[in-house]
1. Indicate the gyration tensor shape class of segment 69-112 (rounded, prolate or oblate), computed on the Cα atoms with a ≥ b ≥ c the square roots of the eigenvalues: a/c under 1.5 is rounded; otherwise a/b larger than b/c is prolate and the rest oblate.
2. Peptides 88-95, 100-107: what's the order by average Cβ count within 10 Å, highest mean first?
3. Arrange the peptides 72-80, 27-35, 7-15 so that the one whose residues have, on average, the most other Cβ atoms within 10 Å appears first.
4. Modelled label-to-label distance, residue 28 and residue 100, 7 Å Cα→beta-carbon offset: nm?
């Protein structure tokens, strides 16, 4: 199963999280993010791997989406994750666990002023 994980420019940075529930519920999480006015998770995903494997249709990403990795400030990810945590009460516990893990990683990155991107683990 495809999972979302947090990647950093430093490959030695530990960003361990499961991420399968985030991937599975990405459409619902993106809709919720738009409703509460934060950046949707899919807007934080680097698209290089998606294009490489031709997954645009599977992930509902337009083929015209830019290629390459865009790094985002950890604070932007924290805003999204924390807003989703506050409003995702109807989503499965596995989603809550992934959001908690993502928050833990992003807090650590924010403390070091280190950027991130979301990436797919195929």
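1. Values: a/c = 2.26, a/b = 1.99, b/c = 1.14.
Prolate is the answer for segment 69-112, as a/c is 1.5 or above and a/b outweighs b/c.
2. Working: 88-95: 13.1, 100-107: 19.1.
In descending order of packing, they fall as 100-107, 88-95.
3. Numbers: 72-80: 19.1, 27-35: 16.2, 7-15: 13.1.
Sorting 72-80, 27-35, 7-15 by mean packing, highest first, produces 72-80, 27-35, 7-15.
4. Placing both labels 7 Å beyond Cα along the Cβ direction yields 1.8 nm.
Where a number appears in this text, it was derived from the coordinates with a stated rule and is not lab data. All figures in this text were calculated on a predicted structure; none of them were measured in a lab. Because the Cβ atoms are built from the backbone with ideal geometry, glycine has one as well, and the counts that use them run over all protein chains shown.
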